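Q: What follows is a single structure, and I will ask about it in a moment.
We did not get these values from a lab; they are worked out from the coordinates using the rules stated. Remember, predicted model here, so these are calculated numbers, not experimental data. Glycine also receives a Cβ, built like all others from the backbone with ideal geometry; neighbour counts cover every protein chain displayed.
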Amino acid sequence: MNALIRLLAVMRKEFLQLRRDRITFGMIVGIPVIQILLFGYAINFDVRNLEAAVADQANSHLSRQYLDALAQTQVVRIAHRADTPEALEDMLRRGEISVGIYVPAGFDRRLADPLRPAAHLLVDGADPTILGIVNRLRAMPFATDGTTATILPAAFEVRPYYNPEGRTAVNVVPGLIGIILTLTMMLFTAVAIVREREHGNLELLINTPVSTTQLMVGKIVPYILIGLVQLALIVAVGKLLFDVPVRGSLADLYVAAAAFIAANLALGLFLSTIAASQFQAMQLTFFILLPSILLSGFVFPFDGMPAFARWIGEVLPTTHFIRMTRGIMLREASVAELWPELVALLVFALLALTLAVRRFSRRLD
Amino acid sequence: MTAGGDTAIRARGLTKRFGELTAVDALDLDVPRARIYGFLGPNGSGKSTTIRMLCGLLTPTAGEARVLGIDLPADARELKPRIGYMTQRFSLYAELSVLENLEFIADVYAVARRTRQARIDELLERYAFTDRRRQLAGTLSGGQRQRLALACAVLHKPELLLLDEPTSAVDPKSRRDFWADLFELANAGTTILVSTHYMDEAERCHRLAILDRGRKVADGTPAELQRSTGMHVIEVLADDAVAAQHALVGDARIASVTQLGVRLRVLLPEALDAPVALVEQRLGDAGIDAEVRPVTPSLEDVFVAVTLPQSDRIAA
């Protein structure tokens, strides 16, 4: 009974502090909305309209048809003309174009010869994404009967499930929920203990009968609610602005998120017991955040990463949560089907909280 | 009364070292119940470190302490509900109101629901916060903050109050009020251990320990301490106090000369005969006209006497 009173006292105090702290309160709403707007619009893997220049030395009926077909793909936008491949290279180096298209004088003749390439695409290959996209152009089947050129139908038909239009936002927004919650939740609790120490509150607090567990759990619970509010915001903005669906059950999404938020908060508290100042706490947060963005499957497909990167990824809560959000929101999966991910998050939360409680010292020496 | 009888705090050989530095050096301490016991000493004399060891926040390097019959640091947890602690720095929540801070502390000490509201109202009234209950603690003045901190420290009616320089940033009026509150608490049976570097506050304590560089150099009631300085105290009233001081400091028999405005307070070892004559002769040799008379030692003189560097005392 006394334990419950103490726990509720800590929770109430956290809520009151939060309500009085306008900047933090603004961050709760501001960070998710701004981030989803930024990332939702900026992260775009459907590359289109790459700036291109053409050096068409054949200038034949066929070469013009070929260039028209290329322009129709909308992958490149032919914006400049050049006379020689050397001029294309110059433009490439100056960064004026991403792709140079060189059609040599013997284009018509070379087209008939399957052993020799008919034309060249000069690509700024420093960006693998651009290179990958342009490589798809190379595979573009192109047939000619000597007078007209046509694009052939492909051997395989690809049927994109869950995201037929191939819109990046559909894939990015569910992952973004994980990233945004990682950032805000971990940051809130990472500074929590350190701030009390810096403000001198902790010396008083550890001299009262309040237990470390009551203190830690009391700090986590209010933020779980805040995290769920943030989730609602991101899902709503994703739906309204980017038309990202929630095909599975909203309740399932909330269950997954609650476990994930708890894991991040507990991790934040643990960092808070390591850090000596709020600045250090923030640095530690970013130390975790970066791998959470890069190794969680948010940016790169998880299975494509080298083994050691996948091991690191498996340890991060964000990885498991992103699998769940994509499953629930896009593939209509249920939490029950994704249970290993949920278990992983709960285990992580419990472990981090235990470590935080054990590391927290009730003495000053 | 709990085990320990009339002694609230008993410490023997209490020592705390931080690396090379010995902050508290073999301290023996007996604090009687229901009394105000003072720690007097300059900054860095080990007052805060001792208080922190006595409430279980710091582990002693050596020695033992028994507080309210509880062995420290082993059973520190048992002690927490029975003591109130006021840190040197304001440690309540600035972004919470007066009332919210009190409510938080009441819940943290699990004050029974039936009595909680009545106790908070009583404290708001007693410490003059009834009209300021909604004011944020961060906007209170220095004196008000100290009163709120005291109200929070005594909310659960602790048997022992540990106050670490509670008035160091407070104006004289607030300090007087604060001490009136302390006497009331002590009269009601609370033991109070308070550290200070103000002489006037030290004079009000029932008993006093003077700390200097981690060592206890004197203890007793203020009157006892004033009787047993082991020094003659001579007051010198001279037109040119600075010149008089210069004339006196060179003499190895004179332990200390302190200027207080136009007056000098001169300490000489008790073993010395005719101290007034000695001082008058020194001043006469220097051609300084001054009024010289013996006075009773003040607590300030006691403090000066017991904190004299070892070499001076030997020379004397």
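Q: Looking at the stretch B:169-190, which of its residues are within 15 Å of the chain's Cα centre (by Cα) and in contact (Cβ under 8 Å) with a residue 40 or more places away in the chain?
A: B:LEU182, B:PHE183 - these are the residues of the stretch B:169-190 that are within 15 Å of the chain's Cα centre (by Cα) and in contact (Cβ under 8 Å) with a residue 40 or more places away in the chain.
Q: Check whether at least one residue in the stretch B:225-235 is surrounded by 13 or more Cβ atoms within 10 Å (Cβ to Cβ) and at positive phi, and report yes or no.
A: yes
Q: Would you tally the residues in the stretch A:24-40 being without any contact (Cβ under 8 Å) to a residue 40 or more places away in the chain and within 12 Å of chain B (Cβ to nearest Cβ)?
A: 1
Q: Looking at the stretch B:15-51 only, could you name the residues that are surrounded by fewer than 20 Cβ atoms within 10 Å (Cβ to Cβ), under 15 Å from the mean Cα position of the chain (by Cα) and within 13 Å of chain A (Cβ to nearest Cβ)?
A: Within the stretch B:15-51, no residue meets the criteria.
Q: Here is a further query. List the pairs whose first member sits in the stretch B:16-31 and is touching a residue at least 12 places away in the same chain (Cβ under 8 Å), whose second member is exposed (fewer than 15 other Cβ atoms within 10 Å of the Cβ), and whose Cβ atoms are under 6 Å apart, counting only residues at least 6 apart or on separate chains?
A: B:ALA26/B:GLY13; B:ASP28/B:ARG12
Q: Would you call A:LEU215 within 23 Å of A:ARG6 (Cα to Cα) and not β-branched (Val, Ile, Thr)?
A: The answer is yes for A:LEU215.
Q: With the stretch A:1-100 as the region, which helices (runs of 4 or more DSSP H) entirely inside it contain at least 1 residues that are among the hydroxyl-bearing types (Ser, Thr, Tyr) and out of contact with any helix residue (DSSP H, G or I) (no Cβ under 6 Å at 6 or more places or on another chain)?
A: Passing ranges, in order: A:22-42, A:61-72.
Q: Output yes when any residue across the stretch A:212-226 is surrounded by fewer than 20 Cβ atoms within 10 Å (Cβ to Cβ), within 14 Å of chain B (Cβ to nearest Cβ), charged (D, E, K, R) and farther than 30 Å from A:ASP243 by Cβ, and no when none is.
A: Checked the stretch A:212-226: no residue is surrounded by fewer than 20 Cβ atoms within 10 Å (Cβ to Cβ), within 14 Å of chain B (Cβ to nearest Cβ), charged (D, E, K, R) and farther than 30 Å from A:ASP243 by Cβ.
Q: Now a separate question. Quick check: anything in the stretch A:324-341 touching a His at 6+ places or on another chain (Cβ under 8 Å) and crowded, with 20+ Cβ neighbours inside 10 Å?
A: Yes.
Q: Could you count how many residues in the stretch B:52-91 are more than 21 Å from the chain's Cα centre (by Cα) and either without any contact (Cβ under 8 Å) to a residue 60 or more places away in the chain or at the interface with chain A (Cβ under 7 Å from one of its Cβ atoms) (or both)?
A: Of the residues in the stretch B:52-91, 17 are more than 21 Å from the chain's Cα centre (by Cα) and either without any contact (Cβ under 8 Å) to a residue 60 or more places away in the chain or at the interface with chain A (Cβ under 7 Å from one of its Cβ atoms) (or both).
Q: Are there strands (runs of 3 or more DSSP E) fully within the stretch B:154-260 with at least 3 residues that are closer than 21 Å to B:SER298 by Cα and of a type in the set (S, T, N, Q)? List them.
A: Counting at least 3 such residues, we get B:256-260.
Q: Considering the stretch B:92-136 alone, what residues qualify as being more than 10 Å from every other protein chain (Cβ to nearest Cβ), part of a loop (DSSP other than H, G, I, E, B) and at negative phi?
A: Answer for the stretch B:92-136, where residues must be more than 10 Å from every other protein chain (Cβ to nearest Cβ), part of a loop (DSSP other than H, G, I, E, B) and at negative phi: B:TYR127, B:PHE129, B:ARG133, B:ARG134, B:GLN135.
Q: Further, regarding this structure: With in contact with a strand residue (DSSP E or B) (Cβ under 7 Å, 6 or more places away or on another chain) and within 20 Å of A:THR129 (Cα to Cα) as the only criterion, which of A:ALA82, A:ALA42, A:ALA71, A:ALA55 stands out?
A: Only one candidate passes the filter, namely A:ALA71.
Q: Now, a different point. Could you please find all residues in the stretch A:159-200 being within 26 Å of A:ASP252 (Cβ to Cβ) and touching a Lys or Arg at 6+ places or on another chain (Cβ under 6 Å)?
A: A:TYR162, A:PRO174
Q: Still on this model: Any residue in the stretch A:338-364 that is more than 14 Å from chain B (Cβ to nearest Cβ) sitting within a Cβ distance under 8 Å of a residue that is aromatic (Phe, Trp, Tyr)? List the pairs, counting only those 6 or more apart or interchain.
A: A:GLU341/A:PHE321; A:LEU345/A:PHE260; A:LEU345/A:PHE321; A:ALA352/A:PHE270; A:LEU353/A:PHE270; A:LEU355/A:PHE270; A:ALA356/A:PHE270; A:ARG359/A:PHE270
Q: Just one of (1) in a helix (DSSP H, G or I); (2) loosely packed, with under 15 Cβ neighbours inside 10 Å trips up A:PHE321, so point out which.
A: That leaves (2) as the condition not met.
Q: Could you grab me the full set of residues in the stretch A:189-210 that are surrounded by fewer than 21 Cβ atoms within 10 Å (Cβ to Cβ) and more than 9 Å from chain B (Cβ to nearest Cβ)?
A: Across the stretch A:189-210, the qualifying residues are A:ARG195, A:ARG197, A:GLU198.
Q: Only residues that are of a type in the set (Ser, Thr, Tyr) and more than 31 Å from the chain's Cα centre (by Cα): list them for the stretch A:80-104, please.
A: Answer for the stretch A:80-104, where residues must be of a type in the set (Ser, Thr, Tyr) and more than 31 Å from the chain's Cα centre (by Cα): A:THR84, A:TYR102.
Q: Would you point out the residue of the stretch A:1-23, among those that are over 18 Å from A:MET216 (Cα atoms) and at the interface with another protein chain (Cβ under 10 Å from one of its Cβ atoms), that is surrounded by the fewest Cβ atoms within 10 Å (Cβ to Cβ)?
A: By that ranking, first place goes to A:ARG19.
Q: Go through (1) in a helix (DSSP H, G or I); (2) touching a residue at least 40 places away in the same chain (Cβ under 8 Å) for A:GLU332 and report which single condition fails.
A: The one condition A:GLU332 does not meet is (1).
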